[in-house]
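The values are calculated or read from the model by the stated rules, or taken from the named source; none is laboratory data. Since this is a predicted model, take the numbers as computed values, not measurements. Backbone-built Cβ (ideal geometry, glycine too); neighbour counts: all protein chains shown. With ligands, DNA and RNA removed, areas are computed over all heavy atoms of the protein, side chains included. Shrake-Rupley method; radii C 1.70, N 1.55, O 1.52, S 1.80 Å.
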Amino acid sequence: MKISLKTLKYYVDINVSVEELCDKMTLAGFEIESIEKQGENLRNVVVGKILKIEKHQDSDHLQICRIDVGKGESVQIVTGAQNISEGDFVPTALDDSYLPNGAHIVAGKLRGVDSFGMLCSGEELCLTEADYEGASVYGIMILHGDNLQPGTDMREVLGLDDYIIDFKITANRPDCNCFIGVAKEISVVLGTEFKQPIPTYKTVGENIKDYIDVNVLNYDLCPRYIGRIVKNLRIKPSPDWMQKSITASGMRPINNIVDITNFVMLETGQPMHAFNYDDLSGKKIIVRNAKEGESITTLDGNEYKLNSDMLVIADGEKPSCLAGIMGGKESEIEDDTKNLFLESAKFKRDNIRHTGRALGIRTEASGRFEKGIDIINTEYAMNRALQLISDLDAGDIVEGVLDLNEGLPKNRILTVKSADISALLGVEIPESEMVKILNKLELKTTANDGVLTVSVPSIRDDVEGRADLAEEVMRIYGYDHIVGTPMRGDVVRGTKLPERIKTDKIKSLLCGMGAYEIATYSFISSGALDTLNLSENDERRNAIKLLNPLGDEYSVLRTQLTTSMLSVLATNINRKIEDGRFFEISKRFIPKQMPLTEQPYELPTMSIGIYGKDEDFFTLKGIVEEIMKLCGAHTQYERSCEAYLHPGRQALVKANNVEACVLGEVHPDVLANYGIEQRVYVAEIKLDILLGINKRKSVFKPLPKFPAVERDFAFLCDKDITVGTLEQAITKGAGRLLERIELFDIYEGSQIPEGKKSVAYSVYLRSADATLTDEQIDTATKNIIEKLEKVGAELRK
Amino acid sequence: MKEKLEAIKNAAKEAVSAAFDEKEIEELRVKYLGKKGELTAILKQMGSLSPEERPKMGQMVNEAKAQLEELIGKKAKELKNAATELKLKAETIDITMPAKVKKVGKLHPLNTVLNDMIDIFQSMGFDVLDGPEVETDHYNFECLNVPADHPARDMQDTFYLGTNLLLRTQTSAAQIRTMETRKPPIRVICPGRVFRADEVDATHSPVFHQIEGLVVDKGITMCDLKGVLEQFAREIYGPDTKVKFRPSFFPFTEPSVEVDVTCSECGGKGCRVCKGSGWIEILGAGMVHPNVLKSCGIDPDVYSGFAFGIGLDRLTTTRYKISDIRLLFENDKRFLDQF
């Protein structure tokens, strides 16, 4: 809410500087968004008197002027304007001056003649006719008035000596979206007097009932509707003070009637609406829901189709105003309007909000109705408007008021122990102080036997109980009275969920293996899954869509993390970063059903992405294996067939027989979708599976006392037999004595028959109880060879 | 014979002192002291001496042997030391050459900061919980004292997924779930990801992170809130950090405050970072609204509590002076490596 300081001073004495006022208001709960000193962008521009005008020798339109700028010696300024005469007073921008349009004026030469500044047009000063008569003239703005003195700062001439303060009004204080609300708070904060305007006005007799008939058909959406008639309108510009006040608050002056309605809204917070009485068909006002298919053309010239949820103010025939949002074009106040029907009403806030949203309109008025206005204040605002009409001689007020409502609320009575307020705050505030503060805030309070009885007017319906009263007291008493006390209670260290502890360990492991943790958005574009070349019926396509996304790019909750990972890899590769290991732990969102009717599964998921000259499938496999080991998973590798991975270089990993991970080299077609021109490797791990594994506690095993025996074997087998198969065979053959096996060579080529390969292993055997005998070793060797033969591998001789 | 011994001794002494390396000295040892060495040869010739001369000569030979042994031993040691020295000298390296490191990665800066926060609050007895990111209208708004027609709904532009289902706009939703499942005393923080329909720019992101704190017990006061936040601020920003409350409004707390800390950059004198005010706004907090306690089945006449919500992203960007929040989600390795 922007309000000028001068406006505020009309309602309250302000005996401190603007800065101090703003600091104090901030500490009372009114944050200051900005303080604007008017004319700050108009510097070093003064009143100049034209002493002499000469033609420029080398130009047929330039003129050379001598200007008295009140500094003794006159200055020479060259201008192209033709509407000036000697003796005129003109706005003169001196050397090194600034104009509101951002221009910086310095001395220079025009066609070889020195010019020490510039004479200004109204446009250059960003002024309109409303700001200064003659501002819209083509050419220099000629100043008028009796007391013009060369050298006077133009800001003084234009009356730009005010401050405009933008108060941030929190959602619980809609009553402060107006001059009076803010001024009241200032009076409490500064301890100065608040001067509430007391509306008085004269009527010209007659009876409103002879003019108009008002009906409210939906009191739920319109709990109060007040109407008055003003006749014999005298439309003219509103006075300067009112125009300035409105302009400072961001509205545009139009004419006295419209300005009065806007001013009263800014002053009291109550939006008003003025109808051209003579345009109201049937001399009727009906507050009702719109009929399906009805439409209205509003003041801004747009036509809107209405539905029956929307409230309108209709005349005898048709909607004349979109209730609380915008008036109709047809009943607009114009310069020749004779008679006026004036409305001050309360509309239900969510209805205004829904209608505004549905039609895409938001106005100063609708904003206020949405936030909530006071039903009692509706009457005060109407009287204030009539007072201004009367005072400004804008029309004649007809006797009588039509005030339709179903009863007005009484003050809410709260009883609270003063000790309870102190207890909640932890600060002993004297009861008398509480009473004083609450009364100043117009919350009528008496204290009796330690109990406060507070009468809360409807305008402060945010005050519901003890906590609210505590806040009201505290923000005035001062939050600096709150002194921190250290945490009390049982001394315990907080706990973490087991999932978090495990996840943290996995993260440490990954960092230790040189991987960087990344963070990406939880939503992806609707086309992201296509980049993985997933089939039409892939279950990951069953993703939850945002109903109101910021754009397609962020429109779908992800069911996998790989697309985000690929984007990050692409970013890094594009930036010529040679290699990288990255991981992310986040959630995949799996709907329980579609359309969505309950919260989806949110499953912890990990993605890993690596690239660079030292990376391949097996370095990634190494990372995955370490994670599996950390989680205590027993793993099995199987060939998988993910469309986004290289068909020959991908694997499914089962952890304790449950599918837990897919890893592999990314398919070149998918890489192309990301503009990546090198091999990258990704893994996606269902962490929910791994976190669910109960890892066995480590138990100490004695270190071996007896030596191990190493035996090397080389086998010949078909090329497509996997080493996994061979290792299983060796493991089975070696039995209990096996300590470990180590693959040390795979060879194809000369001396090896076509379609075959040679695979060589070191096998380490050891017994915990004794040194192995030759017999034991021979038996194990024989068994190993036998088992290998069974899978089609033959010992090379 | 005596002369011969002298001659051998002298020749040996000369040869030893002239010896060039360990190999040569070893050869000399063999030549003079070995089984077939010259001194041994003299001993063998002792038979030709008279019985009177024999012990004398024997003693002389043994003395000469001992002398030579010592000499050779000393020389051998000298030569070995010299050789070692030479070898080590030759192995001198340029210690300014790059280190060989097994590169380690880093946690994302958001999580580095989060872990610090978790430590601080855990040490104050707060349990660390999680909550769902897809929330119901009930938990995200209604239980938090934001009924359907409340203007506070406009404060947070919400992403909707379906009727009554949305991406949580605040971790405060986790407050409710906590209070429903735990009985006071409650002391928890719920860190997590939250979502608001904010267009992406240098200071806004539709995805960001909060840490919600909640304490409910008998006799909890606003001074307790300040105490906890002071402790937190001192650990994050330094021991001299001061905390200031400014009244504000959140639907789920009453009284509500914005919490400022003295600017860690200028110590409160005013600088560019704090825009001259000396204070930096770090979080919103307040006493849990009685309606919120009631909606969770906790009697506000018996219990009171406080809650606070810290913006992790802002805390991270201010700590590391990161100029643009988008960098956090871009994941350039050179960026991630800095923290």
field: Residues of segment A:418-433 satisfying the condition of being without any contact (Cβ under 8 Å) to a residue 40 or more places away in the chain and either charged (D, E, K, R) or away from chain B (no Cβ under 14 Å) (or both)
entry: A:Ser418, A:Glu428, A:Pro430, A:Glu431, A:Ser432
message: Checking the condition open to solvent by less than 10 Å² (accessible area, probe 1.4 Å) and within 31 Å of the chain's Cα centre (by Cα), which residue from A:Ile506, A:Ile476, A:Ile518, A:Ile524 passes?
response: A:Ile518
task: Inspect all residues belonging to segment A:438-453 and state whether any of them is open to solvent by 20 Å² or more (accessible area, probe 1.4 Å) and under 22 Å from B:Met287 (Cα atoms).
output: yes
Failed item, numbered, when A:Ala470 is tested on (1) outside any loop (DSSP other than H, G, I, E, B); (2) closer than 25 Å to B:Ile186 by Cβ; (3) open to solvent by 20 Å² or more (accessible area, probe 1.4 Å): (3)
Segment B:22-57 - residue that is among the basic types (Lys, Arg) and under 14 Å from B:Met1 (Cβ atoms) and, of those, modelled with the lowest pLDDT: B:Lys44
message: Could you go through segment B:110-126 and let me know if any residue there is among the aliphatic types (A, V, I, L, M), at the interface with another protein chain (Cβ under 7 Å from one of its Cβ atoms) and more than 17 Å from A:Glu584 (Cα to Cα).
response: yes
- prompt: Quick check, is A:Tyr225 of a type in the set (Phe, Trp, Tyr), open to solvent by 10 Å² or more (accessible area, probe 1.4 Å) and part of a strand (DSSP E or B)?
  reply: no
query: If you go through segment B:204-217, how many residues are surrounded by fewer than 20 Cβ atoms within 10 Å (Cβ to Cβ) and farther than 22 Å from B:Val257 by Cβ?
result: 2
task: Report, by residue number, each residue of segment A:143-168 that is buried (at least 18 other Cβ atoms within 10 Å of the Cβ) and in contact with a Phe, Trp or Tyr (Cβ under 7 Å, 6 or more places away or on another chain).
output: A:Leu143, A:Leu158, A:Phe167
field: Scan of segment A:575-633 for residues that are in a loop (DSSP other than H, G, I, E, B) and among the β-branched types (Val, Ile, Thr), ordered by number
entry: A:Ile577, A:Thr597
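Is it the case that some residue within segment B:78-95 is more than 8 Å from chain A (Cβ to nearest Cβ), in contact with a helix residue (DSSP H, G or I) (Cβ under 8 Å, 6 or more places away or on another chain), surrounded by fewer than 18 Cβ atoms within 10 Å (Cβ to Cβ) and among the aliphatic types (A, V, I, L, M)?
The first filter runs over segment B:78-95 and keeps only residues more than 8 Å from chain A (Cβ to nearest Cβ), leaving B:78-95.
Imposing the further condition that a residue be in contact with a helix residue (DSSP H, G or I) (Cβ under 8 Å, 6 or more places away or on another chain) reduces the set to B:79-80, B:83.
Retained after the next criterion (residues that are surrounded by fewer than 18 Cβ atoms within 10 Å (Cβ to Cβ)): B:80, B:83.
Adding the requirement that they be among the aliphatic types (A, V, I, L, M) leaves B:83.
Checked segment B:78-95: at least one residue is more than 8 Å from chain A (Cβ to nearest Cβ), in contact with a helix residue (DSSP H, G or I) (Cβ under 8 Å, 6 or more places away or on another chain), surrounded by fewer than 18 Cβ atoms within 10 Å (Cβ to Cβ) and among the aliphatic types (A, V, I, L, M).
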field: Wholly enclosed strands (runs of 3 or more DSSP E) of segment A:6-103 bearing at least 3 residues surrounded by fewer than 17 Cβ atoms within 10 Å (Cβ to Cβ)
entry: A:32-37, A:43-55, A:89-98
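Give me a count of the residues in segment B:292-330 that are open to solvent by less than 50 Å² (accessible area, probe 1.4 Å) and without any contact (Cβ under 8 Å) to a residue 24 or more places away in the chain.
Total meeting the criteria: 2.
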task: Test A:Arg234 against the stated conditions and say whether it is within 22 Å of A:Lys9 (Cα to Cα), assigned to a loop (DSSP other than H, G, I, E, B) and either out of contact with any His (no Cβ under 7 Å at 6 or more places or on another chain) or touching a residue at least 40 places away in the same chain (Cβ under 8 Å) (or both).
output: no
query: Among all residue pairs at least 6 apart or on different chains, which show Cβ distances below 7 Å where the first residue, located in segment A:539-567, is under 20 Å from A:Pro600 (Cα atoms) and at the interface with another protein chain (Cβ under 9 Å from one of its Cβ atoms) and the second is in a loop (DSSP other than H, G, I, E, B) and of a type in the set (Gly, Ala, Ser)?
result: A:Lys545/A:Ser555; A:Leu546/A:Ser555; A:Asn548/B:Ala197; A:Pro549/A:Ser555; A:Leu557/A:Ser522; A:Leu557/A:Ala543
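Listed here are the residues, each with its yes/no results for (1) under 23 Å from the mean Cα position of the chain (by Cα); (2) assigned to a helix (DSSP H, G or I); (3) in contact (Cβ under 8 Å) with a residue 12 or more places away in the chain.
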residue: A:Asp335; (1), (2), (3): no, no, yes
residue: A:Ile352; (1), (2), (3): yes, yes, yes
residue: A:Ala365; (1), (2), (3): yes, yes, yes
residue: A:Glu370; (1), (2), (3): yes, yes, yes
residue: A:Thr378; (1), (2), (3): no, yes, yes
residue: A:Ala381; (1), (2), (3): no, yes, yes
residue: A:Ala385; (1), (2), (3): no, yes, yes
residue: A:Leu388; (1), (2), (3): no, yes, yes
message: Against the definition (farther than 28 Å from B:Phe208 by Cβ and touching a Phe, Trp or Tyr at 6+ places or on another chain (Cβ under 8 Å)), how does A:Leu534 come out, yes or no?
response: yes
- request: Please verify whether segment A:21-37 includes one or more residues that are more than 14 Å from chain B (Cβ to nearest Cβ), out of contact with any helix residue (DSSP H, G or I) (no Cβ under 6 Å at 6 or more places or on another chain) and among the hydrophobic types (A, V, I, L, M, F, W, C).
  value: yes
- prompt: Does at least one position in segment B:149-168 carry a residue that is within 35 Å of the chain's Cα centre (by Cα) and more than 10 Å from chain A (Cβ to nearest Cβ)?
  reply: yes
message: List the strands (runs of 3 or more DSSP E) inside segment B:221-339, counting only whole elements, that have at least 3 residues being more than 14 Å from chain A (Cβ to nearest Cβ).
response: B:279-288, B:304-311
query: Which of the residues spanning segment A:50-87 are within 52 Å of the chain's Cα centre (by Cα) and farther than 12 Å from A:Ser115 by Cβ?
result: A:Val69, A:Gly70, A:Ala81, A:Gln82, A:Asn83, A:Ile84
- request: Determine whether B:Lys333 is basic (Lys, Arg), modelled with pLDDT of 95 or more and over 20 Å from B:Cys190 (Cα atoms).
  value: yes
message: Any residue in segment A:488-516 that is farther than 19 Å from B:Pro109 by Cβ sitting within a Cβ distance under 8 Å of a residue that is of a type in the set (Ser, Thr, Tyr)? List the pairs, counting only those 6 or more apart or interchain.
response: A:Arg493/B:Ser123; A:Gly494/B:Ser123
- prompt: Residue check: is B:Val134 at the interface with chain A (Cβ under 7 Å from one of its Cβ atoms), in contact (Cβ under 8 Å) with a residue 24 or more places away in the chain, in contact with a Pro (Cβ under 8 Å, 6 or more places away or on another chain) and more than 18 Å from A:Asn548 (Cβ to Cβ)?
  reply: no
message: Condition (residue is at pLDDT 90 or above, surrounded by fewer than 17 Cβ atoms within 10 Å (Cβ to Cβ) and assigned to a strand (DSSP E or B)) applied to segment A:658-681: is it met by at least one residue?
response: yes
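Each row is one residue, and each column tells you yes or no for (1) under 30 Å from A:Leu691 (Cα atoms); (2) at pLDDT 95 or above.
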site	(1), (2)
A:Met434	no, yes
A:Leu438	no, yes
A:Gly450	no, no
A:Asp462	no, no
A:Ala470	no, yes
A:Thr485	no, no
A:Arg488	no, no
A:Thr495	yes, no
A:Cys511	yes, yes
message: Let me confirm something: among A:Lys592, A:Lys629, A:Lys576, A:Lys613, which residue is more than 9 Å from chain B (Cβ to nearest Cβ), of a type outside the set (Asp, Glu) and on the phi > 0 side of the Ramachandran plot?
response: A:Lys576
